[in-house]
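Novice: Next up is a structure, given as structure tokens.
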Amino acid sequence: MEPKAVASRPSRRRIVGGSGCEDDRSGTVGYVESGRLSTLGRCYREAQSIGEAGVSVRVLGVVAGLCAVLAVAGCSESVSGQPEVSGAPLTKEQLFDPCTLPESAIAATGADPATKDSNPFGTPRAEYIGCRWTAANTDGRWGFFLRISSSTKPIEDFRKNKYFRDFHEIKVGDRAAYQYYVGSDLPPTTCEISFDTSKGVVSASADKYVDSETGTDPCALALGAVSEVVDAIPR
């Protein structure tokens, strides 16, 4: 089903699709920017339900209650032979902000720093901070959208997400990372690479224009882009 434009801004249109096809991280389906529609934005939703993540939330709630009862003894000590409790989940305020990446690093990816969009999800998300740039004419006359985000969600939630496929470990320089395709398009149109860092899970995605006819694997685009910014991503 073709997306339907419902609002407009200079050189960008917000797109809302039908049949519940939406980006779970944005609540929107995408943008048309300079006449280009993001395929990731067209249909990027998270198959994992809130209930699946709720297990870890309930466990943390139990641990928090136990810590309150044992406050005198200290929460870091083992209880009844169980492993030590360590580290509370990050808050959004503690996440790495991708919009702070150096313009020189963004330019090196092939993206235009002047196209920076600090609200790539359409509406603010409690679990994410993100930034988005347009990389035009990087593959012949075709290009892609580069989105870098950080999340309070653990990498395990990414692995469980049924909308991510061919999930496997890779190396970017000396950094361990996770690479996967996004969505069900064949051939794939979007690839994301994620790092588990001290400031959240940091992810970089390359999303081809919806009308792109390039045969380049989006993971080649994502890897090329993330290789230019990896040194600025926290460990």
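The values are calculated or read from the model by the stated rules, or taken from the named source; none is laboratory data. The structure presented is a predicted model; accordingly, all values stated were derived computationally and were not measured. FYI the Cβ positions are ideal-geometry reconstructions off the backbone, even for glycines, and counts take in every protein chain you see. In case anyone asks, the SASA skips ligands and DNA or RNA and just uses the protein heavy atoms, side chains included. Shrake-Rupley method; radii C 1.70, N 1.55, O 1.52, S 1.80 Å.
Novice: List the GluC sites (Glu not before Pro) within the stretch 130-235 that fall in a DSSP loop (any state other than H, G, I, E or B) and whose Cβ has at most 16 other Cβ atoms within 10 Å.
Specialist: On the way: sites: Glu156, Glu169, Glu192, Glu213, Glu228; in loops: Glu213.
Filter output for the stretch 130-235: Glu213.
Novice: So, one more: Using a 1.4 Å probe on the protein heavy atoms only, what accessible surface does Arg159 show? Give it in Å² to the nearest 10.
Specialist: The value for Arg159 is about 130 Å².
Novice: Here's another thing I want to ask about it. In terms of solvent-accessible area of protein heavy atoms at a 1.4 angstrom probe, what is the ranking of Trp142, Trp133, highest value first? The partial results should precede the final answer.
Specialist: Details: Trp142 25, Trp133 5 Å².
Of Trp142, Trp133, the descending order of accessible area is Trp142, Trp133.
Novice: What distance in nm lies between label points placed 7 Å from Cα along the C-beta direction at Leu186 and Phe167?
Specialist: Label-label distance for Leu186 and Phe167, simple model: 2.1 nm.
Novice: Over the heavy atoms of Leu221, what accessible area does a 1.4 Å probe trace out, to the nearest 10 Å²?
Specialist: Here the residue's solvent-accessible area equals roughly 30 Å².
Novice: What is the distance, in nm, between label points placed 7 Å from the Cα along the Cα-to-Cβ direction at Glu156 and at Asp217?
Specialist: Calculated label separation equals 3.0 nm.
Novice: Can you give the accessible area of Lys116, probe radius 1.4 Å, in Å² rounded to 10?
Specialist: Roll a 1.4 Å probe over it and Lys116 shows about 100 Å².
Novice: Additional query: Compute the label zone of Ala108 within the stretch 203-235: residues whose backbone N is under 15 Å from the point 7 Å along Cα-to-Cβ.
Specialist: Residues passing the 15 Å test: 223-234.
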